[in-house]
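Each value in this text was obtained by applying a stated rule to the coordinates, not by laboratory testing. Predicted, not measured: the structure shown is a model, and the values here were computed from it. Glycine also receives a Cβ, built like all others from the backbone with ideal geometry; neighbour counts cover every protein chain displayed.
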Amino acid sequence: MMLSPEQLLNQYWGYSSFRPPQKGIIDALISGKDALAILPTGSGKSLCYQVPGLFKEGICVVISPLVALMEDQVNDLLGRNIKAVALTGPQSPDELTRIFDLFRHGGYKFLYIAPERLKHELVLDFLKSIHVNFWAVDEAHCIAQWGFDFRPAYQQLTVLRELHPEVPILALTGTATQEITAEIIHALALKKPEMFSRSLIKDNIQLLIEQREDVQARIIAIAKAQKGSGIVYVPTRKLSESFASSLKSAGLDCAFFHGGMDQKHKQQRLQNWLSRPAQIMVATSAFGMGINHPGVRFVIHTFIPDAIESYIQEIGRAGRDGLPAQAWLIYHRQDIDQFKRRKSNQLLNPEDIKQFYRHLCNYYQIAYGEGQGKSFGLPIGDFCNTYQLNPTKAVAALNILDRIGIIALKHQYGSKTRLQFIADNEVLNQALEHHPGMGLIGRNILRIYGGVFQGKIAIDLYQLARKTGVSIEQIKEALLWMEQQDLVDLEHLQTDIQLTFLLPREDARSINPHTELIQRHAQRVVMQQRDVLALVGQADGCIKQSLARYFGQSLSTDCGQCSNCLKKKKQTSRNASDAIAELIINLLKDQSLTIAELRENITFDQEDVDAVLTYLHNEQKIEVDAVNRYYLK
Ligand code: ADP
């Protein structure tokens with residue numbers, strides 16, 4: 001007997017009913033329609049394709065940008081006795097063939113695929129050959145070329161419709177403006193999709209925006225007043241480290257996280273944070289998508305966010321469990337100028353991009369007509385120094401070159417430390433002897449790396465850490481100390497970015513076809529700046545309403561709990577108190593009255609009247625006589 005979607009929900013997930021709008025989405029798909037769902041994180045998007053995928057014969061193919069997320073989902077399904085597999089990392093043709101053979105005969109219901117995999121003929125042939133019941137595209141906004149979270153690989157997804165024109169596509173995202181929605185529909189060639197959306201900011205999240213002079217102290221106070229886990233977003237890696245240490249000094253349990261850390265450390269930090277009941281993660285935006293911690297009680301932005309969309313995604317990590325949570329944005333008035341500067345550095349015209357591209361090619365000594373397919377690590381600091389470039393501008397330009405397909409960027413972080421001993425042997429030995437900790441590190445460097453007196457040599461900090469049993473952080477500290485003592489000449493090169501030239505160098509000719517897109521990007525930057533400044537500077541009116549309007553939605557009532565709504569309430573109650581006080585004083589002008597008589601004559605809330613009476617009495621504006629009658633002093 002075939003089970004209904006409700007029965008499947010019950011049997012496999014143990015849930016008694018669908019949440020709105022899950023059922024609508026499922027019905028649309030089952031009746032053969034495309035659908036686009038814009039729902040905040042935690043609203044249960046996965047079930048929208050998992051249930052119909054189980055319900056219908058065939059295989060549901062899910063495209064998702066994050067390997068970790070796919071693996072989680074596959075494990076979750078396997079744990080429910082549903083056969084699923086994920087196609088993530090690069091597999092050789094032989095491996096792929098083997099997986100496909102297994103898949104064909106294995107009774108699988110779900111196939112998770114990274115968008116990059118859709119480039120392979122072998123994968124496409126395979127997808128063509130199987131019975132796909134639905135396509136599900138997770139994080140669909142990544143397809144929008146000028147959206148805030150564009151991923152070039154998502155452009156492969158135009159192939160889905162071509163592979164199986166009749167198979168319904170479900171596009172899912174946690175954030176999309178009307179413009180992005182239109183781009184998703186166009187890029188995926190959705191046919192009259194049924195649209196589903198819910199307020200992108202969950203009801204349980206309270207939005208609080210404050211401009212402060214004492215940002216750090218304020219954040220410490222907020223964090224101390226909280227009980228559960230939290231995320232503090234900071235704008236730079238350096239700040240994530242220094243801010244975390246300030247919070248630690250204030251007695252808070254916290255750690256930092258940024259994109260410059262190696263994978264192993266990132267994983268450890270994340271696991272630690274997930275398992276501790278109340279740890280604060282001080283992080284850059286690299287602490288991002290796929291962070292699935294239900295109990296985050298607060299998210300604090302300590303700076304003005306780059307775009308409304310990224311802000312919404314970041315605050316959406318709070319309160320996934322549906323319990324009350326707070327999203328704070330605490331900024332200093334100088335942050336406004338800093339934000340404007342950041343934005344103006346992202347504002348690039350086609351001429352800037354041409355110039356930048358020339359620098360990039362020259363840096364790697366790529367001759368005209370050459371370079372296609374070549375990959376390099378980019379030490380961004382050194383590159384910017386060489387050409388006197390602002391780093392924000394450089395990163396913005398790299399992203400544009402990536403988006404228009406001239407280079408492919410990979411944020412593969414790593415760092416190189418190079419050093420040379422410049423003190424003579426005797427001075428060095430003396431210094432090392434007096435500091436036993438330094439001695440261990442210094443001697444190991446001398447042992448492992450011959451020639452450190454002759455010239456600068458690249459040092460592998462991990463190897464050194466293994467050899468000495470000292471942590472990388474301590475080694476870095478030791479090296480800095482040696483530098484301060486003029487024992488070594490030290491150089492840190494960060495190779496944050498790995499880039500591949502996708503086309504041969506043709507200077508302006510490479511850029512010219514993209515002039516219009518580059519100009520459009522510049523316009524978007526201007527609009528982002530306008531929208532973000534309007535949000536943080538909004539003096540009155542419900543903030544949630546404004547954000548809803550930004551996404552083309554509207555709330556039936558003001559939220560009543562954002563900083564502006566609270567301010568309004570306070571103002572209203574202050575006005576009411578003033579009115580009550582005036583009435584009391586007038587009534588007592590030529591008579592004394594009991595509390596009951598006063599209440600009778602004043603039509604305001606009894607509690608408010610009592611509170612004002614107490615206040616006036618405390619302030620000695622009124623007095624009470626022996627028979628409990630109030631009179632004017
Ligand atoms: P999203 O992808 O929108 O962030 P998920 O698919 O991860 O959300 O779902 C969030 C949580 O809600 C999961 O634990 C999921 O099992 C649960 N959930 C989803 N739908 C229902 C439902 N109808 N009833 C109860 N729990 C649900």
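What 222 nm value per residue comes from the helices of the chain, counting each DSSP H run with n ≥ 4 as -39,500 (n - 2.57) and dividing by all residues, nearest 500 deg cm²/dmol?
One gets -14000 deg cm²/dmol as the mean residue ellipticity at 222 nm.
Any chance you could run the full-extension gain for Q571 through Q485? It's 0.36 nm times the residue separation minus the Cα-Cα distance, nm to one decimal.
Stretched fully, the Q571-Q485 segment lengthens by 25.0 nm.
Rank Y357, L111, Q22 by how far each Cα sits towards the positive end of the charge dipole of the chain (+1 on Lys, Arg Cβ; -1 on Asp, Glu Cβ) and give me just the farthest.
After comparing all options, I get L111.
Once you have the Cα-Cα distance between D382 and Y15, take 0.36 nm times their residue separation minus that, and quote the gain in nm to one decimal.
This chain segment gains 126.6 nm when fully extended.
For helix 333-346, report the angle its Cα long axis makes with the longest principal axis of the Cα atoms of the chain; keep it between 0 and 90° and round to the nearest 10°.
It works out to around 30 degrees.
Starting from the Cα of N399, step 7 Å along the direction of its Cβ; do the same at E121; then give the gap between the two resulting points in nm.
Label-label distance for N399 and E121, simple model: 3.6 nm.
Pop the C-beta distance of T158 and Q372 into the FRET formula with R0 = 25 Å and round what comes out to the nearest 0.05.
The value I calculate is 0.60.
If you place +1 on the Cβ of every Lys and Arg, -1 on the Cβ of every Asp and Glu, and leave all else neutral, what size is the dipole of the chain about its Cα centre, to the nearest 20 Debye?
700 debye
Could you tell me the distance between the Cα centroids of segment 349-364 and segment 526-599, to the nearest Å?
53 Å
At what distance in nm do the modelled label points of A217 and N390 sit from each other, each positioned 7 Å from its Cα along Cα→Cβ?
3.2 nm
Could you pull out every residue, at least 5 positions away or on a different chain, whose amide H is within less than 5 Å of the one on V296? Hs are placed 1.01 Å off N in the peptide plane, and Pro or chain starts have none.
Residues meeting the amide H criterion: G319, R320, D321.
What order do you get for 566-577, 530-541 when each peptide is scored by the mean count of other beta carbon atoms within 10 Å, highest first?
530-541, 566-577
May I ask you to give the average projected area over all directions of the convex hull of the Cα atoms of the chain, in nm² rounded to one decimal?
40.0 nm²
With the Cα gyration tensor of segment 451-545 giving a ≥ b ≥ c as the square roots of its eigenvalues, does the rule (a/c under 1.5 for rounded; else a/b larger than b/c for prolate; else oblate) give rounded, prolate or oblate?
Judged from the Cα gyration tensor, segment 451-545 comes out oblate (a/c at least 1.5, b/c at or above a/b).
For A596 and Q263 in one chain, what is 0.36 nm times their gap in residues minus the Cα-Cα distance, to one decimal in nm?
112.9 nm
Using a 7 Å offset from the Cα along the Cα-to-Cβ direction at both D203 and K83, what is the distance between the two label points in nm, to one decimal?
4.2 nm
Applying a 10 Å radius around every beta-carbon, put 67-77, 200-210, 333-343 in order of their mean neighbour count, most first.
200-210, 67-77, 333-343
Please give the peptides 456-466, 232-242 ranked by average Cβ packing (other Cβ atoms within 10 Å per residue), highest first, as a rough proxy for protection.
Packing order, densest peptide first, comes out as 232-242, 456-466.
In the chain, with Lys and Arg counted as +1 and Asp and Glu as -1 at Cβ, which of these residues, Q538, S592, N575, has the Cα nearest the positive end of the dipole, that is, farthest along it?
Q538
Output wanted: per-residue J couplings in Hz (rounded whole) for segment 613-627, from phi through Karplus 6.51 cos²θ - 1.76 cosθ + 1.60, θ = phi - 60°, x for Gly and Pro.
So the Karplus estimates, Gly and Pro as x, are 4, 4, 4, 5, 5, 4, 7, 6, 7, 10, 10, 10, 8, 5, 9 Hz.
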